[in-house]
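Asker: Before we start, here is the structure in question, set down as structure tokens.
Just so it is clear, none of the values below were taken in a lab; they were calculated from the coordinates. None of the values given here were measured: they were computed from a predicted structure. Note that each Cβ is placed from the backbone with ideal geometry, even for glycine, and that neighbours are counted across all protein chains shown.
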Amino acid sequence: MASRADYCPACGTPVQPVASGVGTSRWPLIRNGHAAVGAILIVNVTLFAVSTWMGHPTLTEQGEKLLPSILGGEWYRLLTAGYLHQGLQFSRRLPAWMPLLQFLHITLNMMGLWNIGTLVEEIYGTRRMFALYTGATLVGFLLSAMWVPAIPSLGASAGVFGLLGALIAYGVVSKAPEARRLQTVCLLNAGIGFLMGGFFPMIDNGAHLGGFLGGFAVAWAAGLPRWVDDSREKLWSLISLTSLLVTLWALGQLFYATVRHLPV
């Protein structure tokens with residue numbers, strides 16, 4: 001049975017056939033098989049805009065990772081924390097540079113999501129991409145909750161590190177020289193990211209490490225898409241659908257909790 005990710009006989013570069021993507025779209029962020037990355041990016045930016053528009057941190061407070069709240073039954077936080085970024089806050093009580101830091105946080109995360117995620121989705125396909133991103137986010141914030149239980153955290157970087165882990169897994173299982181070179185670049189980037197987390201206390205290295213390990217594990221187990229829609233492909237379709245439903249449930253819980261805690 002042939003793999004969907006065939007290789008160029010001249011250079012060994014993986015070539016993804018059209019059948020493995022989602023086709024074209026009128027939406028610029030969702031064309032050429034980038035549906036998962038486009039959707040994740042849109043949700044992140046939308047929630048950031050809503051948080052900024054609200055003018056107070058109720059949205060992020062109800063969705064960030066915080067172990068006491070998670071143990072209190074708010075398990076949805078393990079997912080919603082990966083879709084939230086602190087909205088821009090302008091207040092005399094806050095340093096003047098705080099809005100710039102908040103803007104840089106989501107900007108760098110979205111750049112990483114787009115640059116790395118589109119490549120992951122082209123290699124693994126939309127279904128596997130969304131499943132591994134969801135798994136990386138869950139594992140990332142679960143480890144973060146155990147690592148620093150009393151300190152809240154949020155951001156898409158756990159999932160982004162999961163994407164780096166997925167590309168490293170691709171280098172492990174692939175025999176193509178391009179995959180091995182890509183693995184080296186991703187290992188270097190992940191190492192720089194972990195090193196920065198050691199110097200800056202506001203960076204959640206627990207979420208980064210958990211996301212990295214989660215993304216690697218799911219990608220390694222998933223393997224590459226196949227031409228034939230056999231039982232393995234049907235299984236990953238089910239896993240992807242489950243990931244989507246769980247994510248929608250978590251976002252719904254976040255919306256309900258936010259509305260419930262809004263000041264009257």
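Asker: Give the value in nm², to one decimal: projected area of the alpha carbon convex hull of segment 94-175, averaged over all directions.
Answerer: 6.6
Asker: Based on the alpha-carbon gyration tensor of segment 183-264, what equivalent-ellipsoid semi-axes (square roots of 5 times the eigenvalues) come out, in whole Å, largest first?
Answerer: Numbers: eigenvalues 175, 155, 10 Å².
Working through the eigenvalues yields semi-axes of 30, 28, 7 Å.
Asker: Could you run the Karplus curve 6.51 cos²θ - 1.76 cosθ + 1.60 with θ = phi - 60° over segment 106-115 and give me ³J(HN,Hα) per residue in whole Hz, x for Gly and Pro?
Answerer: Rounded to whole hertz, the list is 6, 4, 5, 5, 5, 5, x, 4, 5, 5.
Asker: Same structure again: Long-range amide H contacts for Ser153: which residues qualify at under 5 Å (H placed 1.01 Å from N, peptide plane, sequence gap of 5 or more or a different chain)?
Answerer: The answer is Lys65.
Asker: At q = 0.14 Å⁻¹, work out log10 I(q)/I(0) for segment 26-162 with the Debye formula, treating every Cα as an identical point scatterer and leaving solvent out; two decimals please.
Answerer: Treating every Cα as an identical point scatterer, log10 I(q)/I(0) equals -0.65.
Asker: Another question, then. Within the P(r) computed for segment 111-157, what percentage of the Cα pairs occupies the region above 16 Å?
Answerer: Working: 509 of 1081 pairs.
Tail fraction, whole percent: 47.
Asker: Long-range amide H contacts for Arg226: which residues qualify at under 5 Å (H placed 1.01 Å from N, peptide plane, sequence gap of 5 or more or a different chain)?
Answerer: Here the answer is Arg4, since their amide H atoms fall under 5 Å of that of Arg226.
Asker: Let me ask another. Rounded to two decimals, what ratio of Rg to Rh does segment 123-234 give with C-alpha atoms and a Kirkwood Rh? Before the final figure, lay out each step's value.
Answerer: Numbers: Rg = 14.7 Å, Rh = 14.3 Å.
Ratio of gyration radius to Kirkwood radius for segment 123-234: 1.03.
Asker: Taking +1 at the Cβ of each Lys and Arg and -1 at the Cβ of each Asp and Glu, which of Ala131, Ser157, Pro201 sits farthest along the dipole of segment 121-204 towards its positive end, judged by Cα position relative to the Cα centre?
Answerer: Sorting the options by dipole projection puts first Ala131.
Asker: Show me the three semi-axes of the equivalent ellipsoid for segment 138-196, from the C-alpha gyration tensor (sqrt of 5 times each eigenvalue), largest first, rounded to whole Å. Write out the running numbers ahead of the final one.
Answerer: Numbers: eigenvalues 150, 27, 13 Å².
So the equivalent ellipsoid measures 27, 12, 8 Å along its semi-axes.
Asker: Moving on. With an 8 Å cut-off on Cα pairs and a minimum separation of 6 or more residues, tell me the relative contact order of segment 46-193 in percent. Don't skip to the end; give the middle numbers.
Answerer: Working: 178 pairs, mean separation 38.7, N = 148.
The normalised contact order for segment 46-193 reaches 26 percent.
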